[in-house]
Amino acid sequence: MDILLVDDSRTMRMIVQRAIRQAGFRGFTVGEAENGVQALEKLHGEQPKLILSGWNMPEMSGIDFLKQVRAEQNQVPFGFITSEASVGIKDLALSSGAMFVITKPFTPEDVQEALSPILGGG
């Protein structure tokens with residue numbers, strides 16, 4: 001698994017996967033989880049190149065998931081795709097160890113700009 005995609009909406013996971021392909025990132029395997037709890041379980045068996053997470057999810061929110069990943073000393077590149085657009089949310093995400101926050105609605109160009117430094121080309 002190259003990219004772990006975490007969002008409680010199956011539709012949103014599909015939209016994000018399509019945007020990743022449209023941004024030119026093909027040939028990457030994508031794993032999915034519906035929330036931070038599921039995602040942590042997947043991380044115990046694999047080390048993706050990137051985690052893309054939603055913010056608001058049941059069981060464990062995206063920010064709590066990020067904090068748990070970092071508490072386990074896992075430095076995997078982590079970014080959010082969220083409808084939360086406030087400066088406070090972005091500051092909290094970045095200060096907690098996220099590399100970027102993509103705000104919905106987003107374009108393939110937004111995805112390419114955020115992922116290129118991590119995954120190369122695109």
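Summary of values
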| quantity | calculated |
| --- | --- |
| Residue order for M99, M60 - accessible surface, 1.4 angstrom probe, largest first | M99, M60 |
| Of I118, M12, Q22, farthest towards positive along the dipole that unit charges on Lys, Arg, Asp, Glu beta carbons give the chain | Q22 |
| Computed accessible area, M14, all protein chains, 1.4 angstrom probe, square angstrom | 100 Å² |
| Estimated distance in nm for a label pair at V37 and K104, the labels positioned 7 Å out from Cα along Cα-to-Cβ | 2.2 nm |
| Heavy-atom accessible area order for L119, L50, largest first, 1.4 Å probe | L119, L50 |
| Label assignment, Cα Rg over 2.2 N^0.38 Å derived from the structure, set (i) 0.94; (ii) 1.09; (iii) 1.01 | (i) |
| Residue-level accessible surface for E59, protein heavy atoms, 1.4 Å, Å² | 150 Å² |
| Nearest-20 debye value, the range 1-94 charge dipole, Cβ charges on Lys, Arg, Asp, Glu | 420 debye |
| Accessible heavy-atom area order of T11, T107, highest first, probe of 1.4 Å | T11, T107 |
| Positive dipole terminus of the chain, leading residue within M57, V101, H44 (C-beta point charges) | V101 |
| Segment I15-D64, length gained on full extension (0.36 nm per residue, minus Cα span) | 15.3 nm |
| Size of electric dipole in the range 61-122: Cβ of Lys, Arg +1 and of Asp, Glu -1, about Cα centre, debye, nearest 20 | 120 debye |
| Built amide H within the under 5 Å cut-off of S53, gap 5+ | V6, G79, F80, I81 |
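The values are calculated or read from the model by the stated rules, or taken from the named source; none is laboratory data. Since the structure is predicted, the reported quantities are computational estimates derived from the model, not experimental observations. In this analysis, Cβ positions are derived from the backbone assuming ideal geometry, glycine residues included, and neighbour counts consider all displayed protein chains. To get the accessible areas, we keep the full protein, side chains included, count just its heavy atoms, and leave off ligands, DNA and RNA. Shrake-Rupley method; radii C 1.70, N 1.55, O 1.52, S 1.80 Å.
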